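> What follows is a structure written as structure tokens; I'll ask about it next.
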Amino acid sequence: MRGMSDTTDASDMSDEPTVFEYPASLEFGTDAVHQPGPVIPATSKEFPDPEVGEDSPAYGHRSDVRQTIRNAKRVVVKIGSSSLTDETGLVSPDRIDVIADALEARMDRDTDVIVVSSGAVACGMGPLGLAQKPTDLATKQAAAAAGQVLLAQEWARSFARYGRSIGQVLLTASDAARRDRARNAQRTIDRLRQLRAVPIVNENDTVATSEMRFGDNDRLASLVSHLTYADALVLLSDVAGLYDRNPAEPDARFIAEVKSSKDLRGVVAGDGGRLGTGGMAAKVSAARLASRAGIPVLLTSTENIGAALDQAMVGTCFWPREDRLSAWKFWVLYAADSAGTLHLDAGAAAAMERHNSLLAVGLVQVDGAFTSGEVLDIVGPDGELIGRGEVNYDSATLEGMVGKSTTDLPDFAQRPVIHADYMATYSNRQSRVYGATS
């Protein structure tokens, strides 16, 4: 190499780039890589026919909430990995075209549509020669890096048939955990809609760590619905709706309406499949999470997307909670990052459930290093997460206040540890599952 002597030690050349040599057996142009489909201009805007017939238990349902979904002006639609890829794991242009057709038909009704698209890891598996869903973080992120490009390319191609652009929005749990980042994401999505582009939202798997992930895109869709003030959420899977057990079993019962947790008693839901991470259990949890924000949810299969977006008479409908959470409380409970944990005695936990402020006398233990104003987890005497709130003291000060009565504290420490106005409690155990983001 120019400028180096013949006696240069090999260790001094560690920064030299490695030259890749193609194997002799490689035949260019024969490997199974993604090939973009053609852009063929669409001639009409119509909803695709549903997979289920009128005799199916998943079809023909009516309710006031379904009417609300039908008339919603802003809809979030979540699409799973298996709906976007073929049997080999490659992106399927035909499947994406059917989905885009239904979305465009709904937008033709003057409805804003926001897409939450899974599939980045699954779409990267085929081009990278991965036969099975990767389990280690590095390979997952590599597959996501390869697949996200192909996925966005196909979404852009498909909507180009209607002369419409897309915008890709990649989020991590830490983005939702910080209010300034969450607001920025909200403004980006709103501006894309104003410019007649379709926001395509996905978790940023290339940088998200296993400790800071949404967990599945069903939950991400619920948070996006809340973030964008959506009027309805449509969760699409590979099943026509919710059954009380595996629909392959002959005595499985279809559940058309979920008005409260009573309608879910005895329901057995499974986990994710070969390509995805969110099974029916994740979808039910995400639907209930959205309902806490006052958002109605329709759950059905991707093959029924036309019927879901047209008349909303197919699938399972989750009714919104009447005691919907405020925007701040929803963010604190389900999106905000926790900086520490407060452990309470039984009396303080009961007082908190009655919406009273949290006082130092009820503290048993303080975990973490935090400053005043940060969000903390609140744990009851049995170790169960019961709520969250913004703390009034830093961790060093609070550790010296544990268990002390207000009258025994100096004047500067006589405020509540967390005021009732800045505290939110979980209403049920299922909500607590999605409480922590880390």
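The values are calculated or read from the model by the stated rules, or taken from the named source; none is laboratory data. Since we're looking at a predicted model, the values are computed, not measured. All Cβ positions, glycine included, derive from the backbone under ideal geometry; neighbour counts span all protein chains shown.
> Taking Glu303, is it over 18 Å from the mean Cα position of the chain (by Cα) and free of Cβ contacts under 8 Å to residues at least 40 places away in the same chain?
It is false that Glu303 is over 18 Å from the mean Cα position of the chain (by Cα) and free of Cβ contacts under 8 Å to residues at least 40 places away in the same chain.
> Go through (1) over 17 Å from the mean Cα position of the chain (by Cα); (2) surrounded by fewer than 24 Cβ atoms within 10 Å (Cβ to Cβ); (3) modelled with pLDDT of 90 or more one by one and return the number of the condition Pro247 breaks.
The failed condition is (3).
> If a residue must be surrounded by 15 or more Cβ atoms within 10 Å (Cβ to Cβ) and assigned to a helix (DSSP H, G or I), how many such residues does segment 401-419 contain?
1
> Please go through segment 161-176 and give me each residue that is out of contact with any Pro (no Cβ under 7 Å at 6 or more places or on another chain), under 11 Å from Val198 (Cβ atoms) and not charged (D, E, K, R), ordered by number.
Tyr162, Ser165, Ile166, Gln168
> So which helices (runs of 4 or more DSSP H) stay within segment 28-130 end to end and still have 2 or more residues that are in the same structural domain as Arg196 (by TED's automatic domain parsing) and modelled with pLDDT under 95?
Numbers: elements: 64-71, 93-107, 120-125.
Counting at least 2 such residues, we get 93-107, 120-125.
> Mind checking which pairs have a first residue in segment 269-291 that is assigned by TED's automatic domain parsing to the domain that holds Leu84 and modelled with pLDDT of 75 or more and a second that is among the hydroxyl-bearing types (Ser, Thr, Tyr) and in a helix (DSSP H, G or I), Cβ under 6 Å, 6 or more apart or different chains?
Ala286/Ser222; Leu289/Ser222; Ala290/Ser222; Ala290/Ser225
> Across segment 344-396, which residue is nearest to the chain's Cα centre (by Cα) among those that are of a type in the set (Ser, Thr, Tyr) and closer than 18 Å to Leu409 by Cβ?
Applying the filter and picking the extreme gives Ser372.
> I would also like to ask the following. Which count do you get for residues in segment 83-101 that are surrounded by 23 or more Cβ atoms within 10 Å (Cβ to Cβ) and either among the hydroxyl-bearing types (Ser, Thr, Tyr) or free of Cβ contacts under 8 Å to residues at least 40 places away in the same chain (or both)?
Result for segment 83-101: 2.
> Please verify whether Leu299 is aliphatic (A, V, I, L, M), under 25 Å from Thr111 (Cα atoms), touching a Leu at 6+ places or on another chain (Cβ under 9 Å) and at pLDDT below 95, treating the condition exactly as stated.
Values: aliphatic (A, V, I, L, M): yes; under 25 Å from Thr111 (Cα atoms): yes; touching a Leu at 6+ places or on another chain (Cβ under 9 Å): yes; at pLDDT below 95: no.
Judged against the criteria, Leu299 is not a match.
> Now a separate question. Look at segment 250-266 and say how many of its residues are closer than 15 Å to Cys317 by Cβ and either assigned to a loop (DSSP other than H, G, I, E, B) or modelled with pLDDT under 85 (or both).
3
> List the helices (runs of 4 or more DSSP H) that sit entirely inside segment 171-240 and contain at least 3 residues that are at pLDDT below 90, acidic (Asp, Glu) and under 26 Å from Arg70 (Cα atoms).
Per the criteria, no element qualifies.
> On to the next question. Return the pair list, or none, for Cβ contacts closer than 7 Å from residues in segment 254-268 that are more than 19 Å from Arg324 (Cβ to Cβ) to residues that are of a type in the set (Phe, Trp, Tyr), at least 6 apart or on different chains.
Cβ pairs passing all conditions: Phe254/Tyr243; Ile255/Tyr243.
> Just to be sure before I move on: is Phe370 aromatic (Phe, Trp, Tyr) and assigned by TED's automatic domain parsing to the domain that holds Arg253 in the structure I sent?
So Phe370 fails the test.
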